[in-house]
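Below: one structure, written as structure tokens.
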Amino acid sequence: MIGILQKGGPILWIILGLSVVATAIIIERLLFFRKIRVDEDRLISRLKSALEKGHFDEALSICYNNPYPITNLMKVGIDHRNQPTPIQKEMIMDAANQEIPRLERFLSALGTVAHIAPLLGLLGTVTGNIEAFGVLGKFGSVGDPSILAKGISEALITTAGGIIVSVPTIVFYNYLVSKVNHIIIRLENRANELVLYLGGGKST
């Protein structure tokens, strides 16, 4: 492994560093989404039951004991339950929008790694080939063609490294982006439901 890294040169080390960054982001995001995963239907049912009875303190307690995106919206809705319905909805939607940066955290960095890793690999190959053919140009000819072939094969290591890092990173990036979009759409739908559950707002 160390021998391959040495043959690949500094650019391959950079690609390796990017792979570490990508892995750390993927693990952090997967753990985050696992943490906020909740049976929303059951949680909403508990909140709805408390609100129908007018037990707002109980509903707030449920929200604080279950710190998920949906309960963060509910806390805002309960705090503004005496406001007109349009204001309630606006405040809940604002709270939903504030959840988006938490959901999208580090995803832009992950996308950047996915796109630049193969480009760095290509750069390493180009510079490696330049060096290999530079030797050929310097001496005019190479008695043993395997020497030139070895230089070119070593140059191609960076391209392989870049692709190896890029492919799984792109897969996880697309998966995480899809998951975020799904959660955002669900939060927007829940926001409308929350206004109906609160029910105490005035229409004007």
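The values are calculated or read from the model by the stated rules, or taken from the named source; none is laboratory data. Since we're looking at a predicted model, the values are computed, not measured. Heads up, the Cβs are rebuilt from the backbone with ideal geometry, glycines too, and the neighbour counts pull from every protein chain shown.
What do you reckon, is A117 aliphatic (A, V, I, L, M) and over 30 Å from I157 (Cα atoms)? Here the answer is no, as A117 does not meet what is asked. Every condition in (1) surrounded by fewer than 18 Cβ atoms within 10 Å (Cβ to Cβ); (2) within 30 Å of the chain's Cα centre (by Cα) is met by P69 except one, and the failing one is (1).
Among the candidates R37, R105, R46, R42, the residue that is modelled with pLDDT of 85 or more and closer than 28 Å to N192 by Cα is uniquely R105. Report yes if E40 is touching a helix residue (DSSP H, G or I) at 6+ places or on another chain (Cβ under 6 Å) and farther than 30 Å from N174 by Cα, otherwise no. No: the conditions fail for E40. The residue list G151, G77, G124, G128 contains one member that is closer than 30 Å to V21 by Cβ and at pLDDT 80 or above, which is G124. From the list L196, L176, the one residue that fits, being assigned to a helix (DSSP H, G or I) and either surrounded by 12 or more Cβ atoms within 10 Å (Cβ to Cβ) or modelled with pLDDT of 75 or more (or both), is L176. If the condition is being crowded, with 18+ Cβ neighbours inside 10 Å and within 27 Å of the chain's Cα centre (by Cα), then the stretch 45-66 contributes only C63. With respect to (1) under 30 Å from E193 (Cβ atoms); (2) in contact (Cβ under 8 Å) with a residue 12 or more places away in the chain; (3) not small (G, A, S), the lone exception for L16 is condition (1).
Among residues belonging to the stretch 56-88 that are in contact with a Cys (Cβ under 6 Å, 6 or more places away or on another chain) and touching a residue at least 24 places away in the same chain (Cβ under 8 Å), point out the one that is farthest from N192 (Cα to Cα).
From the stretch 56-88, those in contact with a Cys (Cβ under 6 Å, 6 or more places away or on another chain) are 71, 74-75; that's our starting set.
Keeping just the survivors that are touching a residue at least 24 places away in the same chain (Cβ under 8 Å) gives 71, 74.
Details: T71: 14, M74: 11 Å.
Here the answer is T71.
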